[in-house]
Every structure is written in C-alpha cells, then in structure tokens.
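The structure under discussion appears below in the form of structure tokens.
The values are calculated or read from the model by the stated rules, or taken from the named source; none is laboratory data. The structure displayed is predicted, hence computed values, not measured ones. We place every Cβ from the backbone using ideal geometry, glycine too, and count neighbours over all the protein chains shown. SASA here: full protein model, heavy atoms, side chains in, ligands and nucleic acids out. Shrake-Rupley method; radii C 1.70, N 1.55, O 1.52, S 1.80 Å.
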Amino acid sequence: MNTKQIRQTILDLAIRGELVPQDPSDEPASVLLERIRAEKEQLIKDKKLKRDKKDNEPIDEVPFELPEGWEWCRGYEILNPMETQKPIGEMFGYIDIASIDNKNNRIIDAKFISVSEAPSRASRKVKFGDTLFSMVRPYLKNIAFVEEEYSNCIASTGFYICSPNKTLYPKFLFYLMLSEYVVNGLNKYMKGDNSPSINNENITNFSFPLPPLAEQHRIVEKIEQLFALVDTIKTHKEQLKSDIKQAKNQVLNYAIAGKLTHQDPNDEPAEELLKRIGKTTTTATDTPYEKLPEGWAWCKLGDIGEIITGNTPSKGEESFYGNDFPFFKPNDLDVGKIKISLDSLSVLGYKQAKKAPKNSILVTCIGSIGKTGITQVEGAFNQQINAIIPFEYVSNYFIYYLMLSKKTQEQLNSKASATTIAILNKSKFENILIPLPPIAEQHRIVEKIETYFSFLDTIENQINS
C-alpha cells in the first residue's frame, strides 16, 4: 500500500467512525441537526429564507452503518448557501481551478488581477474555513481548505463553496469532502463530454455522515497526527529512492573503471579484440577516466559498432503508419529495456525507415541528450536517435550500461551544441571516447551489474508497493 492509499484508508476509517473511539458523553449529532432545523424554520417563518421543496427529505437507504451518536444528513442541512460576490476596487485575488495543488490539496497560486480584467466566472464568495470543491471533473480532486490568507479572495463558479454551518468543524468538512466516499459518490453524477461536471444539487442532496461535534475535533486531530506520520514515511521513501539511484550510478562507475570485477590475466586483451574488428586502440591523452586496468583499451564509440541516425517516414502518407512494426522515439527509451513503442509503422512505412535489430543501443542526440535504451525487438527509430549496433566480439549490454554511466553521459552532453535545442551530431557521437575491456570481462561486468540492479530493483519495488 503506497502513501496515497494509506491516506485514503485513514479518511475512510475517519468518516465511518472507526478512527477514534466514541464518547457517550458527546452531544449526539441529532441534537445538533435539530437546532439547525429549528433555526432554519424560524428564518422561513420570518420570511428571511425560502423553504426548499426537498427540505427534510428522508434518506431511504443509508450507504453504510454509523456509530451511536452519528447521523446521516443531506448536504443542505450542514452547508450554508453559497454567496455571490463581484470584484470591486482596482485589484482582487482570484482562485480558479488552476490555483489548486490537487496532490497536496491546497491553494498555491491565487491570481491577483485587475477588476477590469475579471473573468465572468469570478463570483463565488469565500471565507476562512470554507472548502473549495471543483465541480469540473471531481475525480481530479481539485479540493482545498481556505486558509486565512485567502479569505478575501473570490473563487470561480467552477467550485462549490462548502461553507460549514454550526453542525460542522471546518477541518472535518474538508477531510470529509476529500474522502473516496464523497469524491466517488459525486463522480457518478458527472455529465458532459468535454468537461464532465456535477451541479450544485448533486452536493446539496448528497448523503453525508455527521459525527457529534466533539468527535469531529478528535477525528481531525487523529487524522493530522497520522498524516504527519505518513508524510515522514513518504520523505524516507523518497530518500531511499534517491539512495537507490545513487547506488546504481556508483555500480556503473565502478563497472566502467574496472573496479566491479577482478581482471583475469588469461583474457584476450581488448587491443587484440579491436584488431579482429579491424580497428586500433586510441591514444588517449585527455581521458575522462583514471588509468585503465591491464588488458583494457581506449577506443572511440564508432570503433565498436555501426552508428545509424534514425529518420521519420513522411507523416503525410497515412499508409506508412499502422501496427506492424515499433517506431521508437525518445520517450520510449525511458524504460531502458524497450519492448514496445507508443507509435508504430506499417509494412510500407517500415520500408522507408532506418532499422535497428534486437539488442541495438538507442541514444537520443537531439533534445534530451543521452537518454538511452536497448531494444528487445527489431524496430525503427526517429531522427532524434542514434543507434549503436555493436560488432561481433563486443557485448551489446556492456555498451548499453557504458552509455548509461555518469562519465559517458557527461561526455555526450559536453560535446552537444549549445543552441536552443541541444544537438550532438553523428560525427561527434562516433568520436566519444570509451574504455573497452576484454570480451570475457565485458560479460562478467554485465552479469555483476545485473545482479546488483536486480537486488536494488527489488528494494525499490517493495518501497513502491
């Protein structure tokens, strides 16, 4: 269970009366409701309020059982009617949907704009203690508690302003509106295709669980204690993820420096390997690494494999695109070991494309320089990518991990042009300096890297579960 799921479980327990024990000395919620109903009847009698035709409509089927002292009620029984307020003066604070951080459920970017430029939707009055609930796509949870600093702002009509009456502790109402019970329950009423939304009556007629007021305070206190603990767990999880990433980088650093495995003097030296390929070692006077181990050699990236720059078949030809062959783009490389692509080509399109066989190393050389993947299937690739197709006697996976290493990534980025869009041309790419171990050691290095990575991935999966 991840931290997001833990938070929802806490809220679910809270609104069902299972988070804190009930206190029989608490004034029951029914008494609270009766006082509110009596006050409302007096206002209707004094002609200060109109009776709603749905007032006192019974809840025929309760969604779940509540503890002693709790009550089911409609939204109109616990929420004050919304108020309209138009901007006045020169400037005003405006809260629209984009002002809400829906991951942390808070207002982060209220806009201060001139009254003359006020959008027509700027008409919802808000005050400290209200909860803003977006009626547009409620499943996105653009929900926030109105802190004091935003109490003089005006909100968009895209929100329902949940203003608690005397039956509710404001923070309890906020957590209630955040619960899966409320969000999922209101989602069922969404209508529309482009911007599916709910309406005011969906909220005012919704069935809400109401605890005694004293218990609401205890519930909020417990929620916030537990949320603080969850935040601590999340911080530790993020730190652990960062530590795992650093550990992987260190494994790669050791691997390409010859420190991850022991050298075997019986291995055929890399110099002889290069001769079989038809290449010679490179004299490296300014290398990005310390002295290489015995039997290793410096060479250029273009010495160990064929380098191909990709292309894009004409997008004007619809017949070139289909589901027959993968067509790799930079975003596909994020997974590392690539099996599928977001886009694909037809048989006709594939004939027009540059192709990479299985176990080719793909590296982005336009835009996000250095993003690297290794193909698990044959496929085509676009012009932002250079493919390395290693020659015989060179391990594909050794080159893949080599390209992922920090020092290789630094070389790639340092040689890219410093224009608006970074570009590393094919010639510079081919001349990237790399250390090459004997082929037997390349295989041992890959085996050791994957052992470490498998262990670290297991830890990361446990963190994310």
- Site TYR393, offset 7 angstrom along Cα→Cβ, radius 16 Å on amide nitrogen, limited to the stretch 429-447, gives 436-443
- Query: R0 = 22 Å: FRET efficiency of ILE108 with GLN8, Cβ-based, nearest 0.05?
  - Reply: 0.55
- Note on the structure: Listed by chain and number, the lysines with an alpha carbon less than 18 angstrom from that of LYS171, same-chain partners under 8 positions apart left out, are LYS103, LYS127, LYS141, LYS222
- Task: Could you check the simple spin-label distance between VAL377 and LEU456, using points 7 Å along Cα→Cβ, in nm with one decimal?
- Result: 2.8 nm
- Note on the structure: Reduced to Cα centres, the span from the stretch 1-51 to the stretch 412-465 in Å works out to 57 Å
- Note on the structure: For the stretch 85-221, percent of DSSP beta bridges that are antiparallel (nearest 5) comes out at 90 percent
- With charges only on Cβ, +1 for K and R and -1 for D and E, what is the dipole size of the stretch 83-127 about its Cα centre, in debye, rounded to 20? 200 debye
- Item | Diffusion constant of the stretch 188-241 at 37 °C, which comes from Stokes-Einstein with the Kirkwood Cα-pair radius and 0.692 mPa s, µm²/s | 219 µm²/s
- Note on the structure: the chain accessible area per residue, 1.4 Å probe, protein heavy atoms, integer Å², reads 53 Å²
- Once the Cβ-Cβ distance between GLN246 and ILE88 is put in as r, and R0 is 41 Å, what FRET efficiency do you end up with, to the nearest 0.05? 0.15
- Expressed as a percent, the accessible surface of the chain that is carbon or sulfur, using a 1.4 Å probe and the full set of protein chains, is 49 percent
- Task: Return the subset of LYS275/LYS371; LYS50/LYS191; LYS339/LYS407; LYS275/LYS300 for which the Cα-Cα distance in this structure is over 21 Å, preserving the input order.
- Result: LYS275/LYS371; LYS50/LYS191; LYS339/LYS407
- Label-point gap, in nm, between LEU342 and LYS315 - each point 7 angstrom along Cα→Cβ: 1.2 nm
- Which entries in the list LYS291/LYS448; LYS45/LYS166; LYS237/LYS329; LYS259/LYS358 go over 23 Å, if you measure between the two C-alpha atoms of each? LYS237/LYS329; LYS259/LYS358
- Counting other Cβ atoms within 10 Å, which GluC sites (Glu not before Pro) in the stretch 309-405 have at most 10 and lie in a DSSP loop? GLU392
- Item | Centre separation in Å (Cα based) which lies between the stretch 127-200 and the stretch 233-285 | 53 Å
- Item | Beta bridges per DSSP with both ends in the stretch 328-408, % antiparallel, nearest 5 | 75 percent
- Note on the structure: Here the FRET efficiency for ASP324 versus GLU430, based on Cβ atoms and R0 = 25 Å and rounded to 0.05, is 0.20
- Task: Within the stretch 119-178, list the GluC sites (Glu not before Pro) lying in a DSSP loop whose Cβ has at most 15 other Cβ atoms in a 10 Å radius.
- Result: GLU147
- Estimated 222 nm signal from helices in the chain, with DSSP H stretches of n ≥ 4 weighted -39500 (n - 2.57), rounded to 500: -11000 deg cm²/dmol
- Query: In the full protein assembly as shown, how much of ARG106 is accessible to a 1.4 Å probe, in Å² to the nearest 10?
  - Reply: 120 Å²
- Determine the gain in length on full extension of the stretch SER197-LYS48; use 0.36 nm per residue of separation and subtract their C-alpha separation, reporting nm with one decimal. 50.5 nm
- Item | Paramagnetic reach from ALA228 (point 7 Å along Cα→Cβ, amide N under 17 Å) across the stretch 122-136 | none
- Message: Just to be sure I understand, if you calculate Rg and Dmax of the Cα atoms in Å for this structure, which of (i) 29.6, 98; (ii) 31.7, 102; (iii) 22.6, 74 do you get?
- Response: (ii)
- Note on the structure: For the stretch 236-265 the trypsin sites (Lys or Arg not before Pro) that pass both the DSSP coil test and the at-most-16 other-Cβ-within-10 Å test are LYS259
